[in-house]
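Reading through the structure tokens given below for one structure.
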There are 2 protein chains.
Amino acid sequence: MAQATIGNSEFDRDTALRPRMPGEGDGAAPGTAVYDVDLSEGWTILGAVNGGYLLSVLGRALGDALPHPDPFTITAHYLTTSRSGPAVVRTQMARTGRRLSTGQASLFQFAEDGTEVERIRVLATYGDLDALTDDVRTTAKPPAMPPLEHCLGSDAVPPHLISELTGRLDLRLDPATANWIKGEPSGRGETRGWFGLADGRPADALSLLLAVDALPPTTFEMGLPGWVPTVELTAHIRRRPAPGPLRVTVTTRNLAGGFLEEDVEVWDTEDRLVAQARQLAVTPRG
Amino acid sequence: MAQATIGNSEFDRDTALRPRMPGEGDGAAPGTAVYDVDLSEGWTILGAVNGGYLLSVLGRALGDALPHPDPFTITAHYLTTSRSGPAVVRTQMARTGRRLSTGQASLFQFAEDGTEVERIRVLATYGDLDALTDDVRTTAKPPAMPPLEHCLGSDAVPPHLISELTGRLDLRLDPATANWIKGEPSGRGETRGWFGLADGRPADALSLLLAVDALPPTTFEMGLPGWVPTVELTAHIRRRPAPGPLRVTVTTRNLAGGFLEEDVEVWDTEDRLVAQARQLAVTPRG
């Protein structure tokens, strides 16, 4: 099998959008656009579509609809559970400037009677990562992590946690943060791992939106198994990632009142912090 | 002067909204509402309206428009610079559930020809802080900070940085993070301080939206004077604050490519982490 490329990969095919032409009854209002998309079963976990994949679909739509190509800051509120199958994305421009533009997008699926049900709403500001200055004054340090070949791949994951998504990703978890796999969670709110796509597609700004919500939740290692629904996720894409596998860290410091935050950093092979993200999620009952 | 209360204070008067009745040509669409508001000059810095005050205005509108009272997670994109004077807030419901509801709001001001110009767009999910469970598994630690009386109040701030906003707040900066006041910035991306309102109004969920964007920017202490425009700010309100002054920490770890993040924690007098926030801002030229 030929190496997947940006533009020719599972991720690109499954986030491909079909713009509706103005005059098809939709998208005619100034500053708006409408896209059809098929949410692929390949990115589901126990039937629910992965939030990072959904964010990538919406991120691609806004990259098409806005005059700037790259998400600098994007926030998604997850309203109802998405399922694989047909969906519609509607975008709306809020403001365009020389350096930045802001817009919103919603993804809808269909009730039995055909009416649209909103799944996710996104608000984002886009820019051009290639236009950034070279200044770097970062005090953040890349995570200390074992080399990829000493980390745990999908063959280590318990069978009942293997899902369609597992087959699309090349995840290698730092064993120090994956004690839950042996049934001995450490109680610490940390998950770290190497992230890549199974078909070898290189990372870009869009696939970073997948990377920020692709690792097992920190709650597994905190001894709280179960589903962790995302309420809201915000990602800042700070730099175009260099080639090679990404290192992703997820940290939870404040699990309280039935909610928790997951703080995510994504580092590239040049030791640059390429994305920062945080989500608010619902604590599983454990 | 009598002690200000929640509901009777500068902050409450200056965030007060006048709902337009349906039939006044506005707000008639289902799930939408329209409010008039006067942005007070009291919350400006060098003529620009403070972003935390603006977030509080929009947060109050959504608290009125949605069935739940408290912002659990709220994201604002700052599109154009707000000025003191009249403004209009338009809200729209996205989804309502038993425990959470999601909506958006935009604040507009007026061009010379009277057309509306959008200043800020907000997307938020609301809930009821009183309905949260009592579970707490927080590993985050309150900041080590000198007592309030050993911190630097507005009398220590250089006159050219005194603004209308200074008079509305009771800020006391940790001297270790305010070396810029002496013209000797440490270069570290940290600002810490005690936060209160000058008229003594107690803190609540709404005033936390002010607290997350009220301290001097970390760039002052990094030796980069100048304006730091916020692109986007997201705040998670995690708990209703206990009475007494709040401790606020602001940290920047990744200043790169002309942008920086400011990570904010707000702690109450019971050592609870009541709010977490992050903003993406533009690096001043220094």
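Conditions (1) part of a strand (DSSP E or B); (2) free of Cβ contacts under 8 Å to residues at least 40 places away in the same chain, marked per residue:
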| residue | (1), (2) |
| --- | --- |
| B:GLY63 | no, no |
| B:PHE108 | yes, yes |
| B:VAL117 | yes, yes |
| B:LEU123 | yes, no |
| B:ASP134 | no, yes |
| B:PRO143 | no, no |
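In segment A:105-127, how many residues are within 23 Å of A:VAL264 (Cβ to Cβ) and loosely packed, with under 14 Cβ neighbours inside 10 Å? Count: 0.
Residues B:THR219, B:THR252, B:THR269: which one is among the β-branched types (Val, Ile, Thr) and in contact with a helix residue (DSSP H, G or I) (Cβ under 6 Å, 6 or more places away or on another chain)? Being among the β-branched types (Val, Ile, Thr) and in contact with a helix residue (DSSP H, G or I) (Cβ under 6 Å, 6 or more places away or on another chain) holds for just one of B:THR219, B:THR252, B:THR269, which is B:THR252. Return yes when B:THR133 is surrounded by 12 or more Cβ atoms within 10 Å (Cβ to Cβ) and facing chain A (nearest Cβ under 9 Å) and no when it is not. Spelling it out, it is not the case that B:THR133 is surrounded by 12 or more Cβ atoms within 10 Å (Cβ to Cβ) and facing chain A (nearest Cβ under 9 Å). Out of the residues in segment B:79-104 meeting the condition of being more than 10 Å from every other protein chain (Cβ to nearest Cβ) and not in a strand (DSSP E or B), tell me which one is surrounded by the fewest Cβ atoms within 10 Å (Cβ to Cβ). The extreme case among them is B:ARG98. A:GLU270 passes every criterion in (1) surrounded by fewer than 21 Cβ atoms within 10 Å (Cβ to Cβ); (2) touching a Lys or Arg at 6+ places or on another chain (Cβ under 8 Å) apart from (2). Listed by position, the helices (runs of 4 or more DSSP H) enclosed by segment A:150-267 that each have at least 3 residues that are buried (at least 20 other Cβ atoms within 10 Å of the Cβ) are A:205-211, A:218-221.
Given the conditions (1) in a strand (DSSP E or B); (2) open to solvent by less than 10 Å² (accessible area, probe 1.4 Å), which single one is not true for A:VAL57? Checking A:VAL57 against (1) in a strand (DSSP E or B); (2) open to solvent by less than 10 Å² (accessible area, probe 1.4 Å), the one that fails is (1).
The values are calculated or read from the model by the stated rules, or taken from the named source; none is laboratory data. The structure presented is a predicted model; accordingly, all values stated were derived computationally and were not measured. Heads up, the Cβs are rebuilt from the backbone with ideal geometry, glycines too, and the neighbour counts pull from every protein chain shown. Areas reflect the complete protein model, heavy atoms only, side chains present, ligands, DNA and RNA absent. Shrake-Rupley method; radii C 1.70, N 1.55, O 1.52, S 1.80 Å.
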